[in-house]
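One structure below.
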Amino acid sequence: MTKHNVFLLSLGCSKNTVDSERLMAQAEASGIRFTESADEADTIIINTCGFIADAKEESISETLAAVGRKTEGRVSRIYVMGCLPELYRRELKEELPEVDAFFGTRELPEILAALGAEFNEGLYDRRSMLTPAHYSYLKIAEGCNRTCSFCSIPIIRGRYKSQPPEQLLREAGLLREKGVKELNLIAQDISLYGYDLAGKSLLNDLLLRLSDIGFDWLRLLYAYPVNFPLEVIRTMRERENVCNYLDLPLQHCNDRILKSMNRGIDRKGTERLIGSIRDLNPEIRLRTTMIVGYPGETRAEFEELLEFVETVQFDRLGCFAYCHEEHAPAYALDDNVSPEEKEERVAELMELQESIAAGKNRVFEGRVVKVLIDSIEGDIAIGRTEYDAPEVDNECLLETGGFDIQPGMFCTAAIDESSAYELQGRILQTLH
Ligand code: SF4
């Protein structure tokens, strides 16, 4: 059978990136070649996102661009996979007949067969990397058992399913062999890891065993505030290679809104958790995500959120305007906060966070920090500290000062200046 040249466009979140990497490794084992650009390919795969309207639009426009290439005879096949077909498979089939087939988020064998490749269970822990070689993601579970009212992911990704620890350790070991230094643990919700396997949290056990593999940095992303295993915070403090960093999306703080969002925690519970985490590890940097403009959110409730953020002083914070998603439970509510008002609230909250972030970064001036370099631009090396996750957090801009530094290398750097989202300084010494 002719072996095709395939271009895979992976959209959406890091969980999609892992799915794309797993597909590529399996297909390559069957002799399929993946190209850097669509121009070199006869087949295009688009791994789509269906979380919110903007992401859906991007997925559709990339699909239409591929259809354009097919109509012009530049590619012969188009496959669309991932979250969008999970929500709109029938509609997509009707509206995009030029697409050869649609696959959901759990149809790896099926899309491999369409490519003329074979699914090999024994290769499930293999990944062909789409991230820079020095960092990667480890998806420790699939799906979600929570029922947050604004979210359609449980419908898209199904019930929570922890990946067996042994499989994850093999997968991580292979990534380490490839030279990965920073491993970011992800799932829709890492707090529930292991409950479906052992009736209790296995996150700390997994973290300790991953820490023994010898990565330089292990990072925890997407923790849910309920059932969060505090023992991992102790491990974070005790293990040098577990970053003093936690991503803990909270979405809001107001009791009425948290109840309507069906988050299973109230403001007091949230503050208690944050207090316990900081008591256990004063070194920790907390990242969170907030949603503003949720149905019925009053000015007073939004101001309570501002006061909460001012009080808690998160190290990193992202904020989204509520998106009225037709597959999410909250779609039944009246989306009565205007788009303009939503955008104003996002801006107001991020303005507050910018002043907090500036204060948090000022403490680094005059200090020496360990930095992992992601890229080089001229004589400036751009990297991150252990307190910054890839693609979402702060950057360090460092004068290379004649040091021979490459992406993927660690160095120590003196920080001279700072702003809300950047540290500026110079390299003092290169490490490994
Ligand atoms: S935890 Fe809530 S927001 Fe996150 S994926 Fe699950 S339902 Fe969605």
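The values are calculated or read from the model by the stated rules, or taken from the named source; none is laboratory data. Owing to the predicted nature of the structure, the values given are computational and were not obtained by experimental measurement. Cβ coordinates were reconstructed from backbone atoms using ideal geometry, including for glycine residues, and neighbour counts include every protein chain displayed. All accessible areas refer to the heavy atoms of the entire protein, side chains included, with ligands and DNA or RNA removed. Shrake-Rupley method; radii C 1.70, N 1.55, O 1.52, S 1.80 Å.
Computed quantities for the displayed model
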| item | result |
| --- | --- |
| Among the residues listed as ALA198, ALA172, ALA223, the single one being within 16 Å of the ligand (Cβ to nearest atom) and either without any contact (Cβ under 8 Å) to a residue 40 or more places away in the chain or open to solvent by less than 50 Å² (accessible area, probe 1.4 Å) (or both) | ALA223 |
| Exclusive hit being closer than 16 Å to LEU352 by Cβ and outside any helix (DSSP H, G or I), set PHE314, PHE308 | PHE314 |
| Extreme residue, nearest to GLU386 (Cα to Cα), among residues of region 175-193 that are open to solvent by less than 10 Å² (accessible area, probe 1.4 Å) and within 16 Å of the ligand (Cβ to nearest atom) | LEU185 |
| Only one of LEU230, LEU210 that is out of contact with any Phe, Trp or Tyr (no Cβ under 8 Å at 6 or more places or on another chain) and buried (at least 19 other Cβ atoms within 10 Å of the Cβ) | LEU210 |
| Extreme residue, most open to solvent (accessible area, probe 1.4 Å), among residues of region 160-169 that are more than 9 Å from the ligand (Cβ to nearest atom) and touching a residue at least 24 places away in the same chain (Cβ under 8 Å) | LYS161 |
| Of all residues in region 327-345 being without any contact (Cβ under 8 Å) to a residue 24 or more places away in the chain and charged (D, E, K, R), the one that is surrounded by the most Cβ atoms within 10 Å (Cβ to Cβ) | GLU344 |
| Residue match in region 238-251 (condition: in contact with a Leu (Cβ under 7 Å, 6 or more places away or on another chain) and in a loop (DSSP other than H, G, I, E, B)) | yes |
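Okay, residues lined up against (1) within 23 Å of the chain's Cα centre (by Cα); (2) closer than 23 Å to GLU351 by Cα; (3) open to solvent by 50 Å² or more (accessible area, probe 1.4 Å):
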| residue | (1), (2), (3) |
| --- | --- |
| CYS243 | yes, no, no |
| GLY264 | yes, no, yes |
| LEU280 | no, no, no |
| MET290 | yes, yes, no |
| PHE308 | no, yes, no |
